[in-house]
Amino acid sequence: MKVCRRETFNAAHRLFNPTFDDAKNQAIFGKCNNPNYHGHNYALLVCVDGPIDPETGYVIDLKILADIIDEEVHNPFDHKNLNLDCPEFENIIPTAENIAVVIWNKIRKRLDSSYELELTLWETERNSVFYNGK
Ligand code: NI
């Protein structure tokens, strides 16, 4: 059984690799390399997979999952510049792929190991990434 919680956050970022020169960054990242940053309305679906607890009828109390997402994702990332404000991305290019891995690792640490965790992160209406730890 899989239960899911959807959350949204708004954040700015710039995609560039400091080991590349300007021309190479521009060639690879294009508009996303804008030095003045740009923003996205991210949507996140976090799914927890496990058995239904016969005593509660829950896989996990979604209030608990909501609180974890607030603490690990919404509070630290919402209305932030991921490159400048968030130490998680100090040495990681904040692509949707890397944001998903960072979020997965943060939530994973907060969940009982008996649960499986997977998430989908939408950077735009049309572009999403899925991560389940592999
Ligand atoms: Ni972008």
Remind me, what semi-axes does the range 1-72 give for its equivalent ellipsoid, largest first in whole Å, using sqrt of 5 times each Cα gyration tensor eigenvalue?
40, 12, 9
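Once you keep just the Cα pairs under 8 angstrom separated by 6 or more residues, what percentage relative contact order results for the chain?
Relative contact order, the chain: 31 percent.
Quick one: of Lys106/Lys134; Lys2/Lys134; Lys63/Lys106; Lys63/Lys134; Lys109/Lys134, which pairs are farther than 22 Å apart, Cα to Cα? Walk me through the numbers before you get to the answer.
Values: Lys106/Lys134 15 Å; Lys2/Lys134 18 Å; Lys63/Lys106 17 Å; Lys63/Lys134 27 Å; Lys109/Lys134 16 Å.
From Lys106/Lys134; Lys2/Lys134; Lys63/Lys106; Lys63/Lys134; Lys109/Lys134, over 22 Å: Lys63/Lys134.
Below 11 angstrom from the Cβ of Glu72, what's the summed charge of the other residues (Lys, Arg +1; Asp, Glu -1)? Provide the component values of the computation, followed by the final result.
Values: positive: Lys106, Arg108, Lys109, Arg110; negative: Glu7, Asp67, Asp70, Glu71, Glu88.
Net of charged neighbours comes to -1.
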Could you check the simple spin-label distance between Ala23 and Cys4, using points 7 Å along Cα→Cβ, in nm with one decimal?
4.5
Taking the chain as the region of interest, what is the percent of Cα-Cα pairs per 5 angstrom bin, listed from the shortest bin to the one with the maximum distance?
2, 10, 19, 22, 17, 12, 8, 5, 3, 1, 1, 0, 0
Isolated Cys in the chain, by beta carbon distance under 4.7 Å
Cys32, Cys86
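Quick check: net charge around Ile60, other residues with Cβ under 12 Å of its Cβ, Lys/Arg +1 and Asp/Glu -1?
With Lys, Arg at +1 and Asp, Glu at -1, the net is -2.
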Which one, Ile52, Ala23, Val129, is farthest towards the positive end of the dipole of the chain when Lys and Arg carry +1 and Asp and Glu -1 on their Cβ?
Ala23
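Which is the longest stretch in the chain that no exposed loop site breaks, taking sites as GluC sites (Glu not before Pro) with a DSSP loop state and at most 13 other Cβ atoms within 10 Å? Please list the in-between numbers first.
Working: sites that count: Glu55, Glu90, Glu125.
Answer - 1-54.
Would you tally the net charge around Val129, using a Cβ to Cβ cut-off of less than 9 Å, leaving Val129 out, and scoring K and R as +1, D and E as -1? Could the numbers behind the result be given before it?
Working: positive: none; negative: Glu97, Glu123.
Around Val129, the surrounding residues sum to -2.
Bear in mind these aren't lab numbers, they're just calculated from the coordinates by the rules spelled out. Computed from a predicted structure; not experimentally measured. Cβ: placed from backbone, ideal geometry, glycine included. Neighbour counts: every protein chain shown.
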